[in-house]
């Protein structure tokens, strides 16, 4: 690579990083409609002319920022799967704090609502979010036979959906029982489904969950 290109490419990467981080900050602070291009550029300290060299529209910038956020989420989830997969209650609390008490939660909900009416954003982000779920399932399949691996993947998927719903409820009204108590209950309920001795038994509670797997596999 010519030496002159390296500083240019480095500056370009730094500019994109500044724009992505400012976009995520503005989505959290001002919401999707409040995160105007002018606010994002002010936060990033980037001129509109420089921005135009990287992105054609505001939604394109927002989609790129979302893709970075999801990629970081996938890496963190893979690390959790490798280090905490046998400590269910600890894992759930770590995921809760890392993803659902942070900027990720706020941006996720802003994007979810925006994708309902912003067709270009939805078309770009649907495969990204679908890929995240498929990636999480693959990371959590672990070892063992196909049935036990599918069970672990289904439990991981249900846990993500449960935590998303709990995070939304937490924004609207605090649970009277307390979220930590409910998450601990979920951990206790899911343990039998992950017990290798149960998988494959006729009275296993996994029959219904195992049926989910065909619908979750990428086509």
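One table, with the values for the structure above:
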quantity	calculated
So residue 209, is it surrounded by 14 or more Cβ atoms within 10 Å (Cβ to Cβ), under 14 Å from residue 89 (Cα atoms), at pLDDT below 80 and more than 20 Å from the chain's Cα centre (by Cα)	no
All positions within the range 16-72 that are surrounded by fewer than 16 Cβ atoms within 10 Å (Cβ to Cβ) and part of a loop (DSSP other than H, G, I, E, B)	36, 45, 47, 53, 54, 56, 57
Residue in the range 131-141 that is surrounded by fewer than 18 Cβ atoms within 10 Å (Cβ to Cβ), modelled with pLDDT of 95 or more, in contact with a helix residue (DSSP H, G or I) (Cβ under 7 Å, 6 or more places away or on another chain) and in a helix (DSSP H, G or I) present	no
From the options 124, 39, residue that is more than 21 Å from residue 169 (Cα to Cα) and outside the structural domain of residue 138 (by TED's automatic domain parsing)	39
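Here's the yes/no breakdown for (1) within 28 Å of residue 94 (Cβ to Cβ); (2) touching a residue at least 12 places away in the same chain (Cβ under 8 Å):
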position: 38; (1), (2): no, no
position: 44; (1), (2): no, yes
position: 59; (1), (2): no, yes
position: 65; (1), (2): yes, yes
position: 68; (1), (2): yes, yes
position: 75; (1), (2): yes, no
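The values are calculated or read from the model by the stated rules, or taken from the named source; none is laboratory data. These numbers were taken from a predicted model, which means no experiment stands behind them. Cβ atoms come from the backbone with ideal geometry, glycine included; neighbour counts cover every protein chain shown.
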